[in-house]
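In what follows, a structure is listed as structure tokens, so that the remarks can point back to it.
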Amino acid sequence: MDPQELREIAEDERQNSKPTRVRCCVAEGCLAAGSGAVKASLDDSVAAQGLGDAVEVRPVGCLGLCSKGPLVRVDPDDTLYGGVTSDDAPAILSEAQGHATDLTKVDTSHPFFAKQLPIATENSGMVDPERIESYIAEGGYESLFHVLREMSPADAVGEMTRSGLRGRGGAGFPVGLKWATVAKMRSERKYVVCNADEGDPGAFMDRSIMESDPHRILEGMAIAAYAVGANVGYIYVRGEYPLAIQRLRLAIRQANRAGLLGTHIFESPFDFRVDIRVGAGAFVCGEETALLASIEGKRGSPRPRPPYPAESGLWGYPTLINNVETLANVPTIVRKGAEWFASIGTDKSKGTKVFSLTGQIENTGVIEVPMGTSLRVIVEEMGGGAPNGCRVKAVQTGGSSGGCIPAGALDTPVDYESLAALGSMMGSGGMVVLDDQTSMPDLARFFMEFNVDESCGKCVPCRAGTVQLQRMLSRFAAGEAREGDLPKLEDLCDLLRNASLCGLGQNAPNPVFSTLRHFRDEYEAGIARAPKAEAAG
């Protein structure tokens, strides 16, 4: 495809747009709530009312407020309906034509929407995820064209470096530095890998992006591949995400047919091929060396580092690994410029962060906010606080590798350093809100039980230590712990942190450390006290 064809596709898509667009969410959450039937009913109602020339029913990705699904949004009035059923379709179309109905609407001026700044999710809920033309009409693949025609690989690396983008997979490593490391490696072959093995409890941000805007991931990967000198890429997706896999496979086929993947992309010397590898659901395969082993067809278990994948990754060749959200930021950074991106966020944490806001909270769903936004704004204003008259007790960030932040620290800004200072971490973006009915030792036991199930068993500290911790935490949660168990618990946590082979074991104690730090009294209350002997008469 040449640039003129790209522009023509975009123009045709815009010319064929209709005065009224009804956007129906067909991401996994809304589909599970029945949005497939809603979409079919909307199509039938358009035909029955003879509105085909005036109304377009567009299947789109995530519209954000998952707790109110199925969601339907109508343009140009920007009316949002929640909890829609197939029976509501005629009334939605009637309102779109200016007739009043008694349908319940969602307030789009609510902080849940108003406080967001979509970058990685800018197309979610806008484009049809199964049509490449829809993505192109929103500026899709223009950034790739700009990079291939007007930038050298070094320029592309420099753009990421100046943007200040840090890896959104959890560790927050500078993306520009990682790209530069792979780029400088001399090798006959290099690879780019998208880590889409999102496995943290309560995390569904990457799944949402893949289901809603799959071409964005492909474009980000292609730009990264050009920058580091790679010609082959892999997307490693966990098998529990069938809809994301389906849409990514379709997107790859469409991009190949359009000449946006494959050979001589945009009539340049650059070739890039993308394949999908489906994981079997092992949480440890989110660790990059275990992920690479799985792609190679080996057992997914981590190996010691160094060498790092940037030096010796897939089949021993230099390999760049970025997660879904990281790559989703790349096209926008290229289009709007590194300085624009760097102007958002904080000094050390630039840009925005996508979170899946869930747990004991009124408004659950996918949000994207500027780095530095306080937890209080996210939890109380955007999330609406805890339901059923309860109070927010804590916020868990970082999944099973993260920690619990007490309600007293909700004014903490969301950035890498601030969360780490409280004993938690950014992680990939799961944010689970806990109310005042939650037992913190029992919560720590839940996460440790998850780690027991997911440990690959390769190293003894993780294999045996997580089991011992889970048993001890069960005693604290049941009020059956013994005197002396508390220091043993802390010692065992310290051993796992310092002796485990990979991040799973090293970070497994984090929920325990953070709950001990902020809710130690609940552990002390879980110690069964021996009754005092009665004094002799």
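The values are calculated or read from the model by the stated rules, or taken from the named source; none is laboratory data. Worth saying up front: this structure is predicted, and the values here are computed from it rather than measured. Here Cβ is always computed from backbone atoms with ideal geometry, including for glycine, and neighbour counts include all displayed protein chains. Just so you know, the surface numbers come from the protein's heavy atoms only, side chains and all, with ligands and any DNA or RNA stripped out. Shrake-Rupley method; radii C 1.70, N 1.55, O 1.52, S 1.80 Å.
Dimensions of region 88-183 based on its C-alpha atoms, expressed as ranges along the principal axes with the largest first, amount to 59, 30, 18 Å.
Amide H to amide H, with H built 1.01 Å from N, Arg58 comes under 5 Å of Val22, Arg23, Cys24, counting only residues 5 or more places away or on other chains.
Unpaired cysteine residues in the chain (no second Cys Cβ under 4.7 Å): Cys24, Cys62, Cys66, Cys194, Cys285, Cys390, Cys404, Cys456, Cys459, Cys462, Cys493, Cys502. Helix content alone sets the calculated 222 nm mean residue ellipticity of the chain: runs of n ≥ 4 DSSP H residues at -39500 (n - 2.57) each, divided across all residues, give -12000 deg cm²/dmol. For region 99-146, the equivalent ellipsoid derived from the Cα gyration tensor has semi-axes of 30, 16, 7 Å, listed largest first. Under 12 Å of direct C-alpha separation, and excluding same-chain neighbours fewer than eight residues apart, Lys184 reaches these aspartates and glutamates: Glu311. Computed with the Debye formula from one identical point scatterer per Cα of region 182-253, without solvent, the log10 of I(q)/I(0) at q = 0.19, 0.23 Å⁻¹ comes to -0.78, -0.99.
Compared with the rule-of-thumb size 2.2 N^0.38 Å for a compact globular protein, region 174-332 has a Cα radius of gyration ratio of 0.97. Annotation note: GluC sites (Glu not before Pro) in region 457-498 located in DSSP loop regions with a Cβ neighbour count of at most 14 within 10 Å are Glu480, Glu483.
Based on the convex hull around the alpha carbon atoms, region 440-481 presents an average projected area of 2.6 nm². Which of rounded, prolate, oblate describes region 154-211, given a ≥ b ≥ c as roots of the alpha-carbon gyration tensor eigenvalues and a/c under 1.5 marking rounded, otherwise prolate only if a/b is larger than b/c? Because a/c hits 1.5 or more and a/b exceeds b/c, region 154-211 counts as prolate.
Here the relative contact order of the chain, from alpha carbon pairs under 8 Å that lie six or more residues apart, stands at 14 percent. Per the Cα gyration tensor, region 298-398 maps to an equivalent ellipsoid with semi-axes of 34, 22, 11 Å, ordered largest to smallest.
Averaging the Cα positions of each part gives two centres, and for region 246-276 and region 479-493 these lie 55 Å apart.
Could you work out the percent of alpha carbon pairs in the chain separated by over 28 Å, rounded to a whole number? The calculated P(r) of the chain puts 58 percent of pairs beyond 28 Å. How much of the pair distance distribution for region 129-245 lies past 17 Å, counting alpha-carbon pairs only, in percent? It works out to 61 percent of all Cα pairs. Computed from the Kirkwood radius of its Cα pairs, the Stokes-Einstein diffusion coefficient for region 355-451 at 25 °C and 0.890 mPa s stands at 186 µm²/s.
Across the protein chains, with a 1.4 Å probe defining accessible surface, the residues Tyr236, Tyr317 rank Tyr317, Tyr236 from largest area downward. Remark on Lys353: its backbone amide H falls under 5 Å from those of Val369, Met371, a criterion applied only to residues 5 or more positions apart or on other chains, H modelled at 1.01 Å from N. Expressed as a whole percent, the proportion of Cα-Cα pairs in region 1-83 lying more than 20 Å apart is 41%.
Loop-located GluC sites (Glu not before Pro) in region 164-226 (DSSP state not H, G, I, E or B) with no more than 16 neighbouring Cβ atoms inside 10 Å: Glu188.
Computed from phi, the 3J(HN,Hα) profile of region 258-268 under the Karplus parametrisation 6.51, -1.76, 1.60 (θ = phi - 60°) reads 7, x, 8, 10, x, 9, 6, 5, 6, 6, 10 Hz, with x in place of Gly and Pro. Relative contact order of region 1-152, taken over Cα pairs closer than 8 Å and 6 or more residues apart, is 28 percent. According to the Cα-based calculation, Rg over Rh for region 302-342 is 1.18, with Rh computed by the Kirkwood formula. Near Ile361: Cβ cut-off under 12 Å, other residues only, Lys/Arg at +1 and Asp/Glu at -1. The net charge is -2. Based on alpha-carbon atoms, the Kirkwood radius and the radius of gyration of region 438-534 give Rg/Rh equal to 1.01.
Each Lys or Arg adds one and each Asp or Glu takes one away; over the other residues whose Cβ falls under 13 Å from the Cβ of Arg131, this sums to -4. Sorted largest first by accessible area at a 1.4 angstrom probe radius, with every protein chain in place, the residues Lys190, Lys393, Lys488 fall in the order Lys488, Lys393, Lys190.
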